[in-house]
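Engineer: First the structure, which I've put down as structure tokens, then a few questions once you've had a look.
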Amino acid sequence: FLNPDGTEFVVPQGKMPFWHHFLSVSVFNIACLLLYTFLAHKLDPKLALLTVILFTVHPICTQSVAWCSGLGYPLSLVWAGAILNLTPWVYDNPSIASVLFGTLGFCLLQFLAIHAQFATMMLWAILLFFGYWHFAVLGFIMSVFMGLDIIRHTIKIRKDEFVKQNMGTSTYFKPRKVVVAFKTLLYYLAHTLFPAKMGLYHTFGFHYNENIERRDTYFGLGVVAFFGLLGIYLLHPSPEIKLSLLWFVSFVFIFLNWITIQQFVTERYIFLPTIGTCLLISYVTQDYLWLYALIVGIYICRTWTILPTYDSELRFYQSNIWNFPQSEVAYGNLGVTYLRMGINGSAVDAWHEAIRINPDYDVPYYNIFSNFRAVADMALRNGDYERAVKGYQEALPYLQ
């Protein structure tokens, strides 16, 4: 290859972001097509189309699709969508061959879905809703055994790190975790309806402490939200409404911090539950297309405002501090990004801001100490003893 000036163009080594983004978008498109074919088979095709359109432009999907590391979420929807399309076919063609191959196919797809994203362990609830008892029971059994193994493995990996962050008590269940679950449910319900602030590091509950377990106004609202959803599910005659509420609650259930072993909250966790919200909104507004179009437009605008932040690592971490200016973790990661770009001054500034927000957060202290020490070591190797001494003096206050 040649550059415009005639010089040789050197192809960058390593992974190319374009192909990762291409894969994520392709998988997401396949997942949406499978979702539509299932919903169109079970619901009015118009409602199915409105639901999928709203889901494809929903801001919540951005982190799972635009962020390469979120591939597991749309991939899990591909396997779950395949299951939801396979199951009705088997029930509609109850021959020995179709039941045998359908069961084997179900087991394989369920295995892939849970390994892609363990929230799909709750897929059995949707199958049960439609009366597919055999596959619902089989899916439940697989989910129990696979889920216990995955959660146990995850706890083993993460527990030590949580202990270091004084969050060890969050890795096991206790009665007060019910309070945490109601608060998390309210947070996710509000966020999926109107995701005003988006980013990798939400400040809600990020530092697990006794305050998050207290019964306060937020907890009360969470209780009202839960029993409100339950009441609508039990009393509303529409199967579409029931399906939307069941879908949301089923797939969000595992992320309600009964056992906190990952980030406390983040958008990609409600990738699957958002489908239920989109179905609910589409059902309510299907006869008022002007209102539906307005909601779609608002979601598109919100998606467009967050989408450019995935263009580069710098924008990604800058967007976190814009949306969550009180997140010391966001500033800490932004500082690391600046350092990798060779902008040491901005890196130190970001770490100082992280310290200002949370003086007990030890990571920026270590980063600043390491940065000054590295500069001093280099000066020492180059024979610049005066600069080396100054660098060590700058590093010492952060050693503690």
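The values are calculated or read from the model by the stated rules, or taken from the named source; none is laboratory data. None of the values given here were measured: they were computed from a predicted structure. Methodologically, a virtual Cβ is constructed for each residue, glycine included, from the backbone with ideal geometry; neighbour enumeration extends over all protein chains shown. Surface areas here come from the heavy atoms of the whole protein model, side chains and all, with no ligands, DNA or RNA. Shrake-Rupley method; radii C 1.70, N 1.55, O 1.52, S 1.80 Å.
Engineer: Given 0.36 nm per residue, what is the gain on full extension from residue 190 to residue 238 after removing their alpha carbon distance, in nm? Don't jump to the answer; show the numbers that get you there.
Structural biologist: On the way: separation 48, 0.36 × 48 = 17.28 nm, distance 2.29 nm.
15.0 nm is the gain from fully extending residue 190 to residue 238.
Engineer: May I pose another question? Could you work out what % of the accessible surface of segment 171-302 is carbon and sulfur, using a 1.4 angstrom probe and leaving DNA, RNA and ligands out of the count? Don't jump to the answer; show the numbers that get you there.
Structural biologist: Details: 4180 of 5760 Å².
In segment 171-302, the share of accessible area belonging to carbon and sulfur is 73 percent.
Engineer: Counting only the heavy atoms of the protein chains, how much of residue 316 is accessible to a 1.4 Å probe, in Å² to the nearest 10?
Structural biologist: The value for residue 316 is about 20 Å².
Engineer: If you rank 203, 309 by how much accessible surface each has, with a 1.4 Å probe, what is the order from largest down?
Structural biologist: On the way: 203 70, 309 15 Å².
My answer, sorted largest first, is 203, 309.
Engineer: I'd like to compare 66-79, 210-223: which one has the highest average count of other Cβ atoms within 10 Å, and what's the full order after that? Display every interim value, and only then the final one.
Structural biologist: Values: 66-79: 21.1, 210-223: 14.7.
Most protected by this proxy first, the peptides run 66-79, 210-223.
Engineer: Right, another one. When the accessible area of segment 51-93 is split by element with a 1.4 Å probe, what percent falls to carbon and sulfur?
Structural biologist: Numbers: 800 of 1170 Å².
Its accessible area is 68 percent carbon and sulfur atoms.
Engineer: Excluding ligands, DNA and RNA, what is the solvent-accessible area per residue of segment 31-104 at a probe of 1.4 Å, expressed in Å²?
Structural biologist: Details: 2890 Å² over 74 residues.
Result: 39 Å² per residue.
Engineer: Let me ask something additional. What accessible area per residue, rounded to a whole number of Å², is obtained for segment 238-343 using a probe radius of 1.4 Å?
Structural biologist: Numbers: 4190 Å² over 106 residues.
Heavy-atom accessible area per residue stands at 40 Å².
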